[in-house]
Amino acid sequence: MGRNLYEKVFDLHTVRRLPSGQYQVLMGLQMIHEVTSPQAFAAIRERGWKVPYPHRNFATVDHIIPTDSQQRPLSDPLAEEMLQHLERNTADFGIRFFSPERGEQGIVHMVGPETGLTQPGMTICCGDSHTATHGAFGALAFGIGTSQVRDVLATQTLALGKLKVRRIEVNGRLRPGVYAKDVILYIIRKLGVNGGVGYAYEYAGEVFDGFSMEERMTVCNMSIEGGARCGYVNPDQTTYDYLRGREYAPPPEAWDRAVAWWESIKSDADASYDDVVRFDASDIEPIVTWGITPGQSVGVSENLPYVRDFPEAERPNIAEALEFMDFREGQPIKGTRIDVAFLGSCTNGRISDFEEVVRMIEGRGLRVAPHVRAIVVPGSMSVKREMIRRGYDKVFTEAGFEFREAGCSMCLAMNPDKLKGREVCASSSNRNFKGRQGSPTGRTLLMSPVMVAAAAIAGEVVDAREFFAAPVGAGV
Amino acid sequence: MDPRRIRITGTGIAVRGNDIDTDRIIPARYLRCVTFDGLGEHAFEDDRAQLKAKGQVHPFDDPRFAGAEVLFVNKNFGCGSSREHAPQSIMRWGRGIKAIVGESFSEIFFGNCVALGIPAPTASEADMAQMMSAVEANSAAPVTVDLETLTVTVGEHSWPVKMAEGPRRQFLEGKWDSTAELMEAMDQVAATAARLPYMNGWK
Ligand code: SF4
């Protein structure tokens, strides 16, 4: 029986078995950001410890950074204080900081892949639950808490239990207008928001084989939304082509050795799994969440479920979600009026996300509906530069979107980009939890970037496939 | 303080609902900080305010439960972000929550609880419902979370609970503060790193 990637990489990084039964596991890379690290650095200083592998730790600032002006000092003194702590901590301990001043900043899960730091066969951790994003490269990538950030700073290791592995295959062809975001929302809808607890997800099958690295990242990013601590795709030529030539990628003279090693850590063809699930790509349609967990979703042409459709124990939650969202059971999701549209985040803030939206709206004279506030936020400064180089900033601005600086922005409520009151937001981010977008009573509908753009222009939830198929000037 | 966590005693408080995520436990605006001090008062803040606006009372605002030290919850508690601020705010609320009993926990949340010395055993849905009702019926009932016998007692009644053997032993032996243990093996860490081509310039 062959072995899967999870087992191989876990074993290669295992330092020893701990008396507790857990394993001490080496972390090949730790990514750091300003929110979950200050207390960890404080603990290191307090106890007089050192950071033994500073060159395997990298930092950036993303959650608190404003997207209107990143001029220092930041307008929010608390945010400025956090940024200063990060600057001091990384400087004192010899850790590279991807700074806004040098144009290197971005969302922590974007900077790793962009710089070539994220590579197959690595163990990666970050004090952030969307670290699974890096799994797109065939790495084991975990979100951790601040105490564990401290552990990794002090020892470059973590105490981890072994996960089970579920292989999720999506075979066949996605229909036009169905995107990676819809695939992961579909998987979460089918397997549940805690279906992945105790598992690593291995995403496989024809759809993933055909996906670009950015599409794989979108899916892996939301593994945690399905309860899985990490999710990955086996590396292949697509992975190697993406990596080649990036700053931290293996140099040309070592390239063949690197590829050989990466090939060796892939799941064997006869690998065993604790569970295998298969989906048919043609069953997936554009998905919109209607509730307060990413699993509460429907296909755009479907109606909301009825409370009675759910098992007894889940009914109170469904009723609570409907009440919070102010939706009726059985109503269509199409036609839901929106107030805000957010294009960005570590799920969908990459160049290919914006490229697809631009492809839909460019040259058609479409404009954001007058009652909608629509913002476009690149996931990193390098994405922003590329967008400007391609002229996307103009396309978006002319269509009535605000084009912003890079950061987490309206994915969560730690910077000035927030919903107000009961506003409804069509969002390309990953979480629709109560209060997630900054207003305790604000409402979030998760969907793909193209669906967000269509909603922004229509002023309400529409099926982007129909909406953008309408001939130019047909009064859309 | 003795780091061993064998029996946790106090009174209880129940927060009902599945999938209570960390954004609800501690709203993100309180993450703009460089220490965990003062997070306790903001635990469940938005949920509390929304219930208040409807004329209802969140358990964390109910004076009957103000001195509680054991929290009872339902399924998938602490899902969402990895923010340790969530268990930090719970352990800093009131007299400090010292154990959390639930149907299930998100893994990152559970791991954070271990790192902070907060045992979080699990119980079946039916048992959980009984425990919660017992706590709500009598806020003064003494509660014991016993990791040796793996039982939770509320007043007169006891229920079985579960916890994976690894973390259970860490609590019983007082070894949940992981850093010291991890530091014991730095030579082996170096040996492991030496085996990995990407840690050694692909030589
Ligand atoms: S974009 Fe959102 S999910 Fe991603 S790291 Fe930032 S806050 Fe977290």
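Residue pairs whose Cβ atoms lie under 8 Å apart, sitting 6 or more positions apart in sequence or on different chains, and linking a residue in region A:339-365 that is within 14 Å of chain B (Cβ to nearest Cβ) to a partner that is more than 12 Å from the ligand (Cβ to nearest atom), are A:T347/A:K181. Counting the residues of region A:81-116 that are away from the ligand (no atom under 16 Å from the Cβ) and either outside any strand (DSSP E or B) or within 14 Å of A:T133 (Cβ to Cβ) (or both) gives 19.
Only residues that are open to solvent by 30 Å² or more (accessible area, probe 1.4 Å) and within 10 Å of another protein chain (Cβ to nearest Cβ) were counted in region B:150-171, giving 4. Here region A:118-129 is the region considered, the condition is being within 16 Å of the ligand (Cβ to nearest atom), open to solvent by less than 10 Å² (accessible area, probe 1.4 Å) and not in a strand (DSSP E or B), and the residue that is farthest from the other protein chains (Cβ to nearest Cβ) is A:T118.
For region A:133-168, filtered to residues that are of a type outside the set (S, T, Y), within 11 Å of chain B (Cβ to nearest Cβ) and assigned to a helix (DSSP H, G or I), the residue that is surrounded by the fewest Cβ atoms within 10 Å (Cβ to Cβ) is A:A154. If only residues of region A:244-278 that are exposed (fewer than 11 other Cβ atoms within 10 Å of the Cβ) and in contact with a Gly (Cβ under 8 Å, 6 or more places away or on another chain) are counted, the one that is farthest from A:Y201 (Cα to Cα) is A:E247.
Test A:R72 against the stated conditions and say whether it is more than 12 Å from chain B (Cβ to nearest Cβ), open to solvent by 10 Å² or more (accessible area, probe 1.4 Å) and over 20 Å from B:V189 (Cα atoms).
yes
A:Q39 - would you say it is in contact with a Leu (Cβ under 8 Å, 6 or more places away or on another chain), open to solvent by 10 Å² or more (accessible area, probe 1.4 Å) and touching a residue at least 60 places away in the same chain (Cβ under 8 Å)?
For A:Q39, the condition - in contact with a Leu (Cβ under 8 Å, 6 or more places away or on another chain), open to solvent by 10 Å² or more (accessible area, probe 1.4 Å) and touching a residue at least 60 places away in the same chain (Cβ under 8 Å) - is not met.
Could you list all residues from region A:189-212 that are within 14 Å of chain B (Cβ to nearest Cβ) and outside any helix (DSSP H, G or I)? If the condition is that a residue be within 14 Å of chain B (Cβ to nearest Cβ) and outside any helix (DSSP H, G or I), then A:G192, A:V193, A:N194, A:G195, A:G196, A:V197, A:G198, A:Y199, A:A200, A:Y201 are the ones that fit. When A:Y186 is tested against (1) part of a helix (DSSP H, G or I); (2) buried (at least 24 other Cβ atoms within 10 Å of the Cβ); (3) not basic (K, R), only condition (2) is not met. Being open to solvent by 60 Å² or more (accessible area, probe 1.4 Å) and over 36 Å from the mean Cα position of the chain (by Cα) is the filter; apply it to region B:178-199 and report the residue that is farthest from the other protein chains (Cβ to nearest Cβ). So the residue we want is B:A194.
The values are calculated or read from the model by the stated rules, or taken from the named source; none is laboratory data. These numbers were taken from a predicted model, which means no experiment stands behind them. With ideal geometry, Cβ positions are generated from the backbone for all residues, glycine too; neighbour counts draw on all protein chains shown. With ligands, DNA and RNA removed, areas are computed over all heavy atoms of the protein, side chains included. Shrake-Rupley method; radii C 1.70, N 1.55, O 1.52, S 1.80 Å.
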